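The values are calculated or read from the model by the stated rules, or taken from the named source; none is laboratory data. Keep in mind it's a predicted model, so treat the numbers as computed, not measured. Using ideal geometry, Cβ is built from the backbone for each residue, glycine included, and neighbour counts are taken over all protein chains shown.
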Amino acid sequence: MSNLADGTPKKFDMESDVVIVGYGGAGAVAAITAHDLGARVLILEKTSAGGGNTKLSGGTFLTPTGMGGVPYIEKISYGTMERDIAAAFLETALKNESYMRSLGGEPEISPDFSVGYPSPSGKASFPHVPGAEFMSKRVLKRVKGTRGERLWEVLATNVERRGVPVLLDTPVRELLTNGAREVTGVVAERDGKKITVKARKAVVLTTGGFEFDEALKWDFLASKPFYAYGHPGNTGDGIRMAQQVGAALWHMPATSASAGFKCDEYQASFGIRFISERFIYVDKNGQRFTDEAGVELHEIAAKLAVFDSKRMDYPRIPMYAIFDDVARRKAPLNPGGTGINQYLYKWSADNSAEVARGWIAQGRSIRDLAARIGIDPAALEKTVATYNQYCKTGKDPDFERGKETLAAIETSSFYAIKLYPCLINTQGGPRRDKDSHVLDAWGKPIPRLYAAGELGSIWGFMYQGSGNNGESIVFGQIAGRNAAGEKPWG
């Protein structure tokens, strides 16, 4: 029905000024912005509830404190983001706190949610990079529920107050274009029937990433396999729709990802965090390969993307976290509060239930534990003994783990949990400019098509924590404003 000639039907089933495809954080902000500028807005969401990864997130959003953060963003982007986009992001993000306050939220500086990582939740992910001092994160004070739920509640309440219609269980299948290559609407499916929806001014794609599309992950991501924590509805729909009308792609290999536990019982994986310092990571050969307490939370998975071409294998996929009984008893390895599994399973406070399930392996000694997880016992025993010696001397010559985080693994029993690279979310999708226009293969805007949020995120190399929620607020506003400002095509 749609093509690059003229696929616009003579009669539509529905119409609106601005049609937003996907009802997560970026979609909600775009809808609020376009509505407040006088546009009629319609939101189409393929699942039975809104929220997407915004609701499943930790709820923090990046709120820089000055334009001096441009060099920081450029450095961690490593040439994958143009300066004008970085500047446009920062210029609006400076007001993220006041924007959320205007919607009825109560922002506060984000506390540190974990121990042992160099990036406190309220600060820059890479504090050594010039401009890091301008990075700051905020989170909304909770009345109840999780921080992600609170962020989503504020956004959804504002959409509802404005009377913006939201059609749930209405997946969009394709974009419609006319002879001038303008995007004129969408084809959606509702109650088992195809419907056409006219967008008099513009379409805004806010469909999220491709965390649950196995083919796209296998083609574009460095680690294989790559599991995910978040919303199962993120299957790359917006990417395919944008490609259909000639969009260029960018940032497809980029991710926000850590190491997590995956079992057959659940589609999504479980995020794993150690509150105790009494742990190390080892590969399949029982060898340490990083400063476990120093690697940035959102970049842990990048440490696993090493392929051995001689053995034709990923030696660190899976990897194993090795820890002792003190660490096991201290806190749940999955604290909940993020990801889809928080609604499906509650991790036990001392991890005993997960030991009983077989999710966490247990051994009477390090050699016994190694045999149970299929690692050479002598190799693992030597690795743990060497690490424990470093703890006594207060110095890790292998990976320079900080003295304050060196804690021996010595209290039996001993434990291991198998960990895989797991997506918080993907960053890739249709390329866009500072005005949220979707660009074609020649770098020109596709008329009347915008995108925001995780779909084609600005974070193309290394991820700054809270960056996705931050950019959903920023580019949701930019996309909504520019979409509302288009002249109706008919």
Original post:
Only one of (1) crowded, with 22+ Cβ neighbours inside 10 Å; (2) in a strand (DSSP E or B) fails for PRO447. Which number is that?
Top reply: (1)
Original post:
With ARG288, ARG367, ARG328 as the choices, which residue is on the phi < 0 side of the Ramachandran plot, among the basic types (Lys, Arg), in a loop (DSSP other than H, G, I, E, B) and not assigned by TED's automatic domain parsing to the domain that holds ALA124?
Top reply: ARG288
Original post:
Just checking, which of SER436, SER466, SER472, SER457 is modelled with pLDDT under 95 and in the same structural domain as GLY185 (by TED's automatic domain parsing)?
Top reply: SER466
Subject >> Single unsatisfied condition, LEU333 versus (1) part of a helix (DSSP H, G or I); (2) within 30 Å of THR60 (Cβ to Cβ); (3) in contact (Cβ under 8 Å) with a residue 24 or more places away in the chain >> reply: (1)
Subject >> Residues located in the stretch 252-273, provided they are crowded, with 22+ Cβ neighbours inside 10 Å and of a type outside the set (A, V, I, L, M) >> reply: THR255, SER256, SER258, GLY260, PHE261, SER269, PHE270, GLY271
Original post:
Within the stretch 349-372, can one find any residue that is modelled with pLDDT of 95 or more, in contact with a Phe, Trp or Tyr (Cβ under 6 Å, 6 or more places away or on another chain) and among the basic types (Lys, Arg)?
Top reply: no
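With the structure loaded, tell me whether PHE475 is aromatic (Phe, Trp, Tyr) and in a helix (DSSP H, G or I) or whether it fails that test. Steps first, please.
Values: aromatic (Phe, Trp, Tyr): yes; in a helix (DSSP H, G or I): yes.
In short, yes.
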Original post:
List, please: which pairs have Cβ atoms under 9 Å, are six or more places apart or on different chains, and start with a residue in the stretch 223-250 that is crowded, with 24+ Cβ neighbours inside 10 Å and aliphatic (A, V, I, L, M) and end with one that is modelled with pLDDT under 95 and in a helix (DSSP H, G or I)?
Top reply: none
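Can you name the strands (runs of 3 or more DSSP E) wholly within the stretch 71-188 that have at least 2 residues being of a type in the set (Lys, Arg)? Break it down into steps so the answer makes sense when it comes.
Details: elements: 107-109, 137-140, 172-177.
The qualifying strands (runs of 3 or more DSSP E) are 137-140.
Does ALA34 satisfy being part of a helix (DSSP H, G or I), within 17 Å of LYS198 (Cβ to Cβ) and either in contact with a helix residue (DSSP H, G or I) (Cβ under 6 Å, 6 or more places away or on another chain) or in contact (Cβ under 8 Å) with a residue 24 or more places away in the chain (or both)? Can you show your working first?
On the way: part of a helix (DSSP H, G or I): yes; within 17 Å of LYS198 (Cβ to Cβ): yes; either in contact with a helix residue (DSSP H, G or I) (Cβ under 6 Å, 6 or more places away or on another chain) or in contact (Cβ under 8 Å) with a residue 24 or more places away in the chain (or both): yes.
Here the answer is yes, as ALA34 does meet what is asked.
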**OP:** Given the conditions (1) buried (at least 24 other Cβ atoms within 10 Å of the Cβ); (2) within 23 Å of ASP191 (Cβ to Cβ), report the number of the one that LEU42 does not fulfil.
**Re:** (1)
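Checking the condition assigned to a helix (DSSP H, G or I), touching a helix residue (DSSP H, G or I) at 6+ places or on another chain (Cβ under 9 Å) and hydrophobic (A, V, I, L, M, F, W, C), which residue from ALA379, ALA356, ALA407 passes? Write out each step before concluding.
On the way: ALA356 fails: touching a helix residue (DSSP H, G or I) at 6+ places or on another chain (Cβ under 9 Å); ALA407 fails: assigned to a helix (DSSP H, G or I).
After applying the criteria, what remains is ALA379.
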**OP:** Identify, by number, the condition in (1) under 30 Å from GLU149 (Cβ atoms); (2) buried (at least 18 other Cβ atoms within 10 Å of the Cβ); (3) modelled with pLDDT of 95 or more that ILE280 doesn't meet.
**Re:** (1)
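State the number of residues belonging to the stretch 76-111 that are of a type in the set (S, T, N, Q), farther than 24 Å from ASN482 by Cβ and over 21 Å from the mean Cα position of the chain (by Cα).
Taking the stretch 76-111 first, the residues of a type in the set (S, T, N, Q) are 77, 80, 92, 96, 98, 102, 110.
Those left that are additionally farther than 24 Å from ASN482 by Cβ: 110.
Among the residues that remain, those that are also over 21 Å from the mean Cα position of the chain (by Cα) are: none.
Residues flagged as of a type in the set (S, T, N, Q), farther than 24 Å from ASN482 by Cβ and over 21 Å from the mean Cα position of the chain (by Cα) within the stretch 76-111 amount to 0.
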Original post:
Taking the stretch 105-130, which residues are at pLDDT 80 or above, of a type in the set (S, T, N, Q) and farther than 20 Å from PHE461 by Cβ?
Top reply: SER110
**OP:** Could you please tell me which pairs satisfy a Cβ distance under 6 Å, a separation of 6+ or placement on different chains, a first residue in the stretch 390-408 that is free of Cβ contacts under 8 Å to residues at least 60 places away in the same chain, and a second residue that is exposed (fewer than 15 other Cβ atoms within 10 Å of the Cβ) and outside any loop (DSSP other than H, G, I, E, B)?
**Re:** GLY394/LYS403
Original post:
How many of the residues in the stretch 308-330 are free of Cβ contacts under 8 Å to residues at least 24 places away in the same chain and of a type in the set (A, V, I, L, M, F, W, C)?
Top reply: 1
